[in-house]
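The values are calculated or read from the model by the stated rules, or taken from the named source; none is laboratory data. Bear in mind that the values here come from a model prediction, so they are computed numbers and not experimental data. All Cβ positions, glycine included, derive from the backbone under ideal geometry; neighbour counts span all protein chains shown.
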Amino acid sequence: MFSYITGEVTDIREGSVTVDVNGVGFELAVSDYTLGECRLGQKQRLYTYMQVKEDGIALFGFVSSDEKEMFLRLISVSGVGCKVAQSILSGMDCGSLAVAIFNEDTKSLTKIKGLGKKTAERIVLELKEKVTVNAAEMAMPITQNPDLQINKDIRNAVAVLCSLGKSQADAEKLVEAAAKLGATTAEELINMAFRID
């Protein structure tokens, strides 16, 4: 019904944000990632998914169309409902999730709170062929600079930047530059990459 809504963020709580659209406040359930991108008083566009059940209606919000797309893929998996999908997106960003699914890395998936081994295996089985073609490239380490130590944080940072629209080459250059400036964790690498960009 709703593709997205745009308005001022008027309330932020754990697991939800309220967006004022022309005097109407829409409360949306959001992942930790989307929550971290919202600021009180700022104008925000959130892509939406409306769940209609016998006991009520729930509106889910996503900071990017990629996050919404991943959410829709997750809830297509048998046994994965909206709340579980939202929990998965809170535990792992879209890029890292795509890489984990593509690489059949159920070990990483089960580190997400509330996600058991059987559900993780089902997600991999049902979505492995549906993740984007770029997932394979995102899983590849940076090889251009032999002096740069390759680790999981670097791969994850590249994956996140690719999921946000950067090309593989541009993402690798930004992460490499961020690493040279002293960033080490995936979060630091991503934040530094945005500053450089």
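Worth a mention:
- When residue 30 is tested against (1) under 26 Å from residue 157 (Cα atoms); (2) of a type in the set (A, V, I, L, M, F, W, C); (3) modelled with pLDDT under 95, just one condition goes unmet, and that condition is (3).
- The stretch 43-75, subset in contact with a strand residue (DSSP E or B) (Cβ under 7 Å, 6 or more places away or on another chain) and among the basic types (Lys, Arg), residue farthest from residue 86 (Cα to Cα): 43
- Residue 21 being assigned by TED's automatic domain parsing to the domain that holds residue 115, in contact with a Ser or Thr (Cβ under 9 Å, 6 or more places away or on another chain) and of a type in the set (A, V, I, L, M): no
- The stretch 161-194: number of residues that are crowded, with 22+ Cβ neighbours inside 10 Å and either at pLDDT below 80 or under 16 Å from residue 94 (Cα atoms) (or both): 6
Condition check ((1) under 20 Å from residue 5 (Cβ atoms); (2) loosely packed, with under 15 Cβ neighbours inside 10 Å; (3) more than 13 Å from the chain's Cα centre (by Cα); (4) among the β-branched types (Val, Ile, Thr)) across all residues:
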{"site": "51", "(1), (2), (3), (4)": "yes, yes, yes, no"}
{"site": "57", "(1), (2), (3), (4)": "yes, yes, yes, yes"}
{"site": "63", "(1), (2), (3), (4)": "yes, no, no, yes"}
{"site": "79", "(1), (2), (3), (4)": "no, yes, yes, no"}
{"site": "86", "(1), (2), (3), (4)": "yes, no, no, no"}
{"site": "89", "(1), (2), (3), (4)": "yes, no, no, no"}
{"site": "106", "(1), (2), (3), (4)": "no, no, yes, yes"}
{"site": "118", "(1), (2), (3), (4)": "no, yes, yes, no"}
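- Residue 28 being of a type outside the set (Phe, Trp, Tyr) and either assigned to a loop (DSSP other than H, G, I, E, B) or buried (at least 18 other Cβ atoms within 10 Å of the Cβ) (or both): yes
- All conditions in (1) under 15 Å from the mean Cα position of the chain (by Cα); (2) in contact (Cβ under 8 Å) with a residue 40 or more places away in the chain; (3) within 16 Å of residue 75 (Cα to Cα) hold for residue 96, with the sole exception of (3).
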